[in-house]
Amino acid sequence: MGKGGGCVPSKKRQLPASTTVAGAAPSSSSAPRDAPEAAEASAASSAGVVGGRRLRLYIVFYSMYGHVEALARQAAAGAAAVEGVEAVLRRVPETLPPEVLEKMQAPAKDPALPVIEAAADLEEADGVLFGFPTRYGAMAAQMKAFFDSTGSLWEEQKLAGKPAGFFVSTGTQGGGQETTAWTAITQIVHHGMLFVPIGYTFGSNMFKMDEIRGGSPYGAGVFAGDGSRQPSETELALAEHQGKYMASIVKKLSHA
């Protein structure tokens, strides 16, 4: 994860003693000659540019019927709205054979959304949002298989300190909107990652009772029903909010 872009004074010469009064602006004649470089470094840091690149929020997901994918796209849109942060969408590999997916009437995957090539790609991320549907109150096997492939990253704690969050899809209101995220926390804890819930940062929308809405303080969510129900505007807005909120956290941590 990137560090803050503060400017380090040159060791080749001694900076002149400050003669400014606290709260007063220094004169141009007393400013060190490397002030333009310092200003550029400060501007790059505030914009979220670390090591010559933008901060990367990876959004890694599994979606069988498209509900989680819809949330992932909205989260990416929210993250992209934060200056200096790049949203990177990646699918995890499918583990079911095509003939089984056909019998389950699962639609074809969008080829424009690439599959993450290897778990090691997560090293490039400054933060990660994981999205997945529930299976009996826990993540789908496809996402679990991906986490199981991160052993080498765990061994060297390559992901330690990176912020991470979750968004989910369930079939019913009692189908695991909270437990699916809750049971997933064990995966990132072993990696030393920092769980970032959204809490109630979505404001009054978290308290609306006039419509069915997925999502919880753990993260965004959608109710899929029998698969025919599509994400509501509120569910999509919550996913977008989570992406933007997570991107802001990634940016703050990069300056620490």
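The values are calculated or read from the model by the stated rules, or taken from the named source; none is laboratory data. If you're wondering where the values come from, they're calculated on a predicted model, not measured in any experiment. We place every Cβ from the backbone using ideal geometry, glycine too, and count neighbours over all the protein chains shown. When the accessible area is computed, the model is the full protein with side chains, heavy atoms only, and any ligands, DNA or RNA have been set aside. Shrake-Rupley method; radii C 1.70, N 1.55, O 1.52, S 1.80 Å.
Of the residues T134, T179, T170, T186, only one is open to solvent by less than 10 Å² (accessible area, probe 1.4 Å) and out of contact with any Leu (no Cβ under 9 Å at 6 or more places or on another chain); which?
Going through T134, T179, T170, T186 in turn, the sole match is T170.
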- line: Selection from region 91-107 of residues in a loop (DSSP other than H, G, I, E, B) and within 24 Å of T183 (Cβ to Cβ) yields V92, P93, E94, T95, L96, M104, A106
query: Do the conditions hold for R56, that is, is it open to solvent by 10 Å² or more (accessible area, probe 1.4 Å), under 18 Å from M143 (Cα atoms), modelled with pLDDT of 95 or more and basic (K, R)?
result: no
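Please state which one of E240, E211 is open to solvent by 10 Å² or more (accessible area, probe 1.4 Å) and assigned to a helix (DSSP H, G or I).
Within the list E240, E211, the selection yields E240.
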message: Let me confirm something: among A72, A76, A141, which residue is open to solvent by 10 Å² or more (accessible area, probe 1.4 Å), in contact with a Gly (Cβ under 9 Å, 6 or more places away or on another chain) and at pLDDT 95 or above?
response: A76
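Identify, please: which residue in region 84-95 is in contact (Cβ under 8 Å) with a residue 60 or more places away in the chain and not β-branched (V, I, T) and is, among those, most open to solvent (accessible area, probe 1.4 Å)? Lay out the reasoning, then the answer.
Let us first name the residues in region 84-95 that are in contact (Cβ under 8 Å) with a residue 60 or more places away in the chain, namely 84-85, 87.
Narrowing the set further to residues that are not β-branched (V, I, T) leaves 84, 87.
Details: G84: 9, A87: 33 Å².
In this case the residue turns out to be A87.
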message: Can you tell me how many residues within region 149-177 are in contact (Cβ under 8 Å) with a residue 40 or more places away in the chain and closer than 30 Å to A256 by Cα?
response: 8
message: Filter region 192-201 down to the residues that are of a type outside the set (F, W, Y) and in a loop (DSSP other than H, G, I, E, B) and list them by number.
response: G192, M193, V196, P197, I198, G199, T201
- request: Select from region 120-131 the residues that are among the hydrophobic types (A, V, I, L, M, F, W, C) and surrounded by fewer than 21 Cβ atoms within 10 Å (Cβ to Cβ) and list them in ascending order.
  value: A120
- request: Identify all residues within region 146-167 that are touching a Gly at 6+ places or on another chain (Cβ under 9 Å) and either surrounded by fewer than 16 Cβ atoms within 10 Å (Cβ to Cβ) or of a type in the set (S, T, Y) (or both); write none if there are none.
  value: Q157, A160, G161
message: For a quick check of your reading of the model, give me the residue pairs whose first member lies in region 229-256 and is within 17 Å of G131 (Cβ to Cβ), whose second is of a type in the set (A, V, I, L, M, F, W, C) and surrounded by fewer than 17 Cβ atoms within 10 Å (Cβ to Cβ), with beta-carbon atoms closer than 7 Å and at least 6 apart or on different chains.
response: E240/A77; G243/A77; K244/A81
task: Using the structure shown, decide if A160 is under 25 Å from L236 (Cα atoms), of a type in the set (A, V, I, L, M, F, W, C) and at pLDDT 95 or above.
output: no
